[in-house]
Amino acid sequence: MTYQSTAHPAHSVSPFEGLRRAGAGLRRFFAGIGHGIMVGSTAHRRFEQVQGLQAKSDEELSAMGIKRDDIVHHVFKDLYYI
């Protein structure tokens, strides 16, 4: 007669498991910083574009087909549907 156990053997944890988890945490941390820098630089470029368009005369904006009230919409139209 044989005995069978349904108990699971203890899972052995690799000594490098802590390092792997720490490495994954560091990757997420630096990826978050990189993402923040990218978003910040994109926002800065759009802000400069809005300022540049606001500095133009109404005639220049009209030649571009933009009304002064629509400058922000024009700059951010790829992000928002208004």
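The values are calculated or read from the model by the stated rules, or taken from the named source; none is laboratory data. Bear in mind that the values here come from a model prediction, so they are computed numbers and not experimental data. Don't worry about glycine lacking a Cβ; one is built from the backbone with ideal geometry, like all the others, and counts go over all protein chains shown.
Check the stretch 54-70 and report whether any residue there is in contact (Cβ under 8 Å) with a residue 12 or more places away in the chain, surrounded by 11 or more Cβ atoms within 10 Å (Cβ to Cβ) and not basic (Lys, Arg).
Scanning the stretch 54-70 turns up at least one residue that is in contact (Cβ under 8 Å) with a residue 12 or more places away in the chain, surrounded by 11 or more Cβ atoms within 10 Å (Cβ to Cβ) and not basic (Lys, Arg).
Against the definition (surrounded by fewer than 10 Cβ atoms within 10 Å (Cβ to Cβ) and modelled with pLDDT of 80 or more), how does Glu17 come out, yes or no? When the stated conditions are applied, Glu17 does not pass them.
Among residues of the stretch 32-48 that are within 17 Å of Ile71 (Cβ to Cβ), those with a beta-carbon under 6 Å from a residue that is surrounded by 10 or more Cβ atoms within 10 Å (Cβ to Cβ) and modelled with pLDDT of 85 or more at least six positions away or on a different chain give the pairs Arg46/Val75. Of all residues in the stretch 12-43, those satisfying the criterion of being under 17 Å from the mean Cα position of the chain (by Cα) and not aliphatic (A, V, I, L, M) are Arg27, Arg28, Phe29, Phe30, Gly32, Gly34, His35, Gly36, Gly40, Ser41, Thr42.
Evaluate the stretch 41-51: report whether one residue or more is loosely packed, with under 10 Cβ neighbours inside 10 Å, modelled with pLDDT of 90 or more and in a helix (DSSP H, G or I). Checked against the condition, which is being loosely packed, with under 10 Cβ neighbours inside 10 Å, modelled with pLDDT of 90 or more and in a helix (DSSP H, G or I), the stretch 41-51 yields no hits at all.
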